[in-house]
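Take this structure first; my questions come after.
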Amino acid sequence: MDTKKLEKQFVDFVTEYKQIIYKICYIYATDSDSLNDLYQETVINLWKSFPRFRGECKASTWVYRIALNTCISFFRKSNSRPVVIPITIDLESAFADEEEKTSQLRELYRMINMLGKLERALILLWLEERSHQEIADILGISKNYVAVKLYRIKENLKNMSNS
């Protein structure tokens, strides 16, 4: 396959799955700089793997897997990175919506950010309305473990919101 055709397919692919990539990166980002870094790293990893994608699973499952692994790996390495001082950027324009909904969404993301890495991935996939089997396939864990962890995470989030 020629390079131009592959590049065009990849750009179309990333455009189609851009929202998924941003949602995953947003869950793991601490500020807008890290959001942009995570998005860029994810796209780079998708590009590196794109020619080898065989379609044995759903494309969205493949994107979730790469994005989650990229985000988790990024923060494992972050201990050796210098502290980033963020430049103020209005995230509202990126996620413009009604004020109340935006406020509730921010609060939910704040509470989700307090969870562990696996728990964040689980709840993100559940919020995306993925089945327990899909979540298990994406994360490489059992379906029963997904159900148990999701129950505990939801209880934990309820307790956090009532505090």
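The values are calculated or read from the model by the stated rules, or taken from the named source; none is laboratory data. Values in this document were obtained by computation on a predicted structure and should not be read as measured data. Quick reminder, even Gly has a Cβ in these numbers, built from the backbone with ideal geometry, and neighbours come from all protein chains shown. Surface areas here come from the heavy atoms of the whole protein model, side chains and all, with no ligands, DNA or RNA. Shrake-Rupley method; radii C 1.70, N 1.55, O 1.52, S 1.80 Å.
How large is ³J(HN,Hα) for each residue in segment 118-124, as worked out from phi by the Karplus curve 6.51 cos²θ - 1.76 cosθ + 1.60 (θ = phi - 60°), to whole Hz, x for Gly and Pro?
3J(HN,Hα) across segment 118-124, in whole Hz: 5, 4, 4, 5, 4, 5, 4.
Over the chain, what percent of the accessible surface lies on carbon and sulfur atoms, probe 1.4 Å?
Taking all protein chains in place, the chain shows 52 percent carbon and sulfur surface.
Counting only heavy atoms of the protein chains, get the accessible area per residue of the chain (1.4 Å probe) and round it to a whole Å² value.
Roughly 64 Å² per residue, with all protein chains present.
Please list, or write none, the lysines whose alpha carbon is within less than 30 Å of the alpha carbon of residue 101, excluding same-chain residues fewer than 8 places away.
Within the straight-line limit of under 30 Å, residue 101 reaches these lysines: 18, 23, 117, 149, 154, 158.
So if we plug the beta-carbon distance of residue 148 and residue 30 into 1/(1 + (r/R0)^6) with R0 = 25 Å, what FRET efficiency do we get, rounded to 0.05?
0.30
Additional query: Under the rule that an exposed site lies in a DSSP loop and has at most 10 other Cβ atoms within 10 Å, name the longest stretch of the chain with no GluC sites (Glu not before Pro) of that kind, not counting the sites themselves.
Result, exposed sites excluded: 1-55.
Still on this model: Before anything else, pin down the relative contact order of the chain: Cα pairs under 8 Å, at least 6 apart, normalised by residue count, whole percent.
Once divided by the residue count of the chain, the mean separation gives 23 percent.
Computed FRET efficiency, Cβ-Cβ of residue 61 and residue 5, R0 25 Å: what is it to the nearest 0.05?
FRET efficiency, residue 61 to residue 5: 0.55.
Given that just one value was derived from the coordinates, which of (i) 57, 43, 37; (ii) 43, 35, 23; (iii) 54, 38, 20 is Cα extents along the principal axes in Å?
(i)
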